[in-house]
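Shown next, in structure tokens, is the structure this report addresses.
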Amino acid sequence: MFVFGRPENPGDPRRSRRRLWLIALVVAAAAGAGLYGYLRSTEPTGYTCAVVFSSGDEAARQRALELCHRKQRDLARRAPISSRGPIGYEGTAAIMHDAVSRSSGCPTLADPSCHGSRPTRAATAADVAAAERALAQAGLADSVVRVARPDDPAPDGALVYALRMGDGCVVGYLDVGRGDGDHLVGGLLPNGQCLAS
């Protein structure tokens with residue numbers, strides 16, 4: 001799945017054409033691999049979801065679109081970040097994902113047994129406790145970990161983790177079992193926290 005936001009400064013029209021070509025290339029490659037690409041424009045909110053999934057799998061398409069919409073609703077509610085904090089967000093996100101992934105039975109991101117045909121399962125309280133321990137051992141004891149809720153930028157049943165850094169947050173998720181996940185970097189939510197409720 002790819003999410004494209006509206007550019008803040010449209011600038012060079014060639015960049016916009018390049019982005020459209022990139023989207024077309026990704027969709028064409030997916031179609032050539034026996035997958036189907038679906039583009040959905042939601043101009044009033046300023047983003048587009050490009051979702052790639054197995055042809056005929058309507059349930060997978062719906063899950064991917066709902067996840068895209070959850071992420072965009074979450075990002076739209078976040079304040080801007082004024083301070084990047086003492087360490088980089090992307091580096092922290094990678095450390096967090098590695099720690100949480102190892103705690104769920106995936107030794108490394110490159111381990112092929114953690115992807116593909118391995119089934120995803122809903123996270124449990126034991127998964128949350130293991131992830132909390134792993135993040136504390138990685139020096140990130142202030143992290144929050146929980147099973148995804150409907151207002152989190154994550155699929156249902158995923159393990160969600162977040163860490164506040166300055167006035168910004170790293171928020172990520174992991175599908176337990178398969179090891180798939182993603183993260184976002186954004187400001188605080190209106191409640192002053194990294195996660196809602």
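Structure values in brief
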{"quantity": "Fully extended contour minus Cα-Cα distance, from T120 to D167, at 0.36 nm per residue", "calculated": "13.6 nm"}
{"quantity": "Spin-label pair S197/A94, simplified geometry with 7 Å Cα→Cβ offset, distance in nm", "calculated": "3.5"}
{"quantity": "Simple spin-label estimate for A129 and D57 in nanometres, 7 Å along Cα-Cβ", "calculated": "3.3"}
{"quantity": "Cut-off 12 Å between beta-carbons: net charge of the residues surrounding S197, Lys and Arg +1, Asp and Glu -1", "calculated": "0"}
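Computed from the coordinates by the stated procedures, all read-outs in this text should not be read as laboratory data. Nothing here was measured: the structure is a model prediction, and the numbers come from that model. For neighbour counting, all protein chains shown are included, and Cβ atoms are generated from backbone atoms with ideal geometry for every residue, glycine included.
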